[in-house]
1. Can you list the residues, at least 5 places off or on another chain, whose amide H is less than 5 Å from the amide H of GLU172, using H built in the peptide plane?
2. Using a Gaussian network model of the chain with C-alpha springs under 10 Å, which one of MET184, MET149, MET219 is most mobile by mean-square fluctuation?
3. Kindly report the accessible area of the chain per residue (heavy atoms of protein chains, probe 1.4 Å, no ligands, DNA or RNA), in Å².
4. How much FRET efficiency would the formula 1/(1 + (r/R0)^6) give for VAL81 and ALA168, where r is the Cβ-Cβ distance and R0 is 22 Å, rounded to 0.05?
5. Only Lys, Arg, Asp and Glu count, each charged at its Cβ (+1, +1, -1, -1), so figure out the dipole size of the chain about its Cα centre, rounded to 20 debye.
6. GNM on the chain, C-alpha springs below 10 Å: top fluctuator among ALA95, ALA180, ALA258?
7. Output ³J(HN,Hα) for the range 255-263: one whole-Hz value per residue in order, computed from phi by the Karplus curve 6.51 cos²θ - 1.76 cosθ + 1.60 with θ = phi - 60°, and x for Gly and Pro.
8. Please work out how much length the chain gains when fully extended from ARG100 to LYS62, using 0.36 nm per residue of separation minus the C-alpha to C-alpha distance, in nm with one decimal.
Amino acid sequence: MSNNGDDRARGLLDLPKGRVEMRFSGKAVLVTGVASGLGRAVVQALATEGAKLVLVDRAEEKLETLVANLQSGGCEVVSIVGDVSQEQTSKDAIAQALSRYGTLDILINNAGINPTGTISQTDPAVWQQALDVNLKAAYLFCREAIPHMVDAGRGVIVNTASIAGQRASTAEAVYGVSKAGLIMLTRTIARDYGARGIRANAICPGVLEGIMADRLTRMSPDQVVARDQRFAPTVPLGRLGTYEEIAKSILFLASEDASYVNGAQLTVDGGLTA
Ligand SMILES: NC(=O)c1ccc[n+]([C@@H]2O[C@H](COP(=O)([O-])OP(=O)(O)OC[C@H]3O[C@@H](n4cnc5c(N)ncnc54)[C@H](O)[C@@H]3O)[C@@H](O)[C@H]2O)c1
């Protein structure tokens, strides 16, 4: 069954049992699209490993709840409510990172929307909005962050793409195009800025248990069940992925464990596209 995480009644900072690695201790990390789903799982994992956070989302109430929860767990966090496709949001967010923490070590462009339809079914306005949120926003945030990373002589960028950007998915025309563009944006940055100490990588999740919030509003409960039943048997691992599993791979790319990984597309799909 799909589990969209928003309503999960669990503490955001429930620490795992046993020893926790602190790969992000003292690191300033900016994450977009954090109010639900994957972004929230990434933020929770980063906080557990000691990161100082700058969080960006347009969903004000959910963002406030997340921030309060993180602060009560002792995490240093600042938030910006805004639309990631607006240039001013990227300027405000990077300015906050620099004024609060004096640096920006890691940028994770994760916000996204999931319009569906073939190109004939996609209105020009929907086409433009998908490109703005899924691709242009990452360009704007990278454009704003990179000069500071170049000055620092180091920096890490992780962009949340999708397997939909690696091979065509049925009736996900503009979504796939936007994610393919995001993968190439990532590779371009890797090539242009690797010599300046900046690594840029894309994560390409497969089909996850959690359905993206905007898409979920267009689906009936029956359609949600049908989606799970249709996709799970097609995955070699026999199930859909969880947000926590993708978050672990994002943290790998963001960490020094991936110090020689640059310009990669890390597919995390249970073998769906193998
Ligand atoms: N869920 C999946 O099956 C799946 C699969 C592959 C890739 N992805 C990618 O993972 C990322 C996160 O997806 P999710 O499943 O967590 O979706 P989600 O809808 O739960 O989360 C997306 C977040 O982005 C925010 N957001 C959307 N548009 C924004 C805007 N214009 N400005 C600011 N914030 C905005 C939303 O408020 C939300 O908090 C997306 O980039 C998505 O394309 C998801």
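1. Amide H neighbours of GLU172, under 5 Å, 5+ apart: GLY117.
2. Per the Cα network of the chain with a 10 Å cutoff, MET219 tops the list.
3. Numbers: 12810 Å² over 274 residues.
For the chain, the per-residue accessible area is 47 Å².
4. Numbers: r = 35 Å, r/R0 = 1.58.
The calculated FRET efficiency here is 0.05.
5. Details: 27 positive and 29 negative charges, 123 e Å.
Magnitude of the dipole: close to 600 debye.
6. Among ALA95, ALA180, ALA258, the largest GNM mean-square fluctuation belongs to ALA258.
7. My calculation for the range 255-263 gives 8, 5, 4, 9, 4, 10, 9, 8, x Hz in order.
8. Values: separation 38, 0.36 × 38 = 13.68 nm, distance 2.21 nm.
Going from the current span to full extension adds 11.5 nm.
The values are calculated or read from the model by the stated rules, or taken from the named source; none is laboratory data. Predicted, not measured: the structure shown is a model, and the values here were computed from it. Counting neighbours? That spans all protein chains shown, and the Cβs are built from the backbone with ideal geometry, glycine included. These area figures cover heavy atoms from the full protein model, side chains too; ligands, DNA and RNA do not enter into them. Shrake-Rupley method; radii C 1.70, N 1.55, O 1.52, S 1.80 Å.
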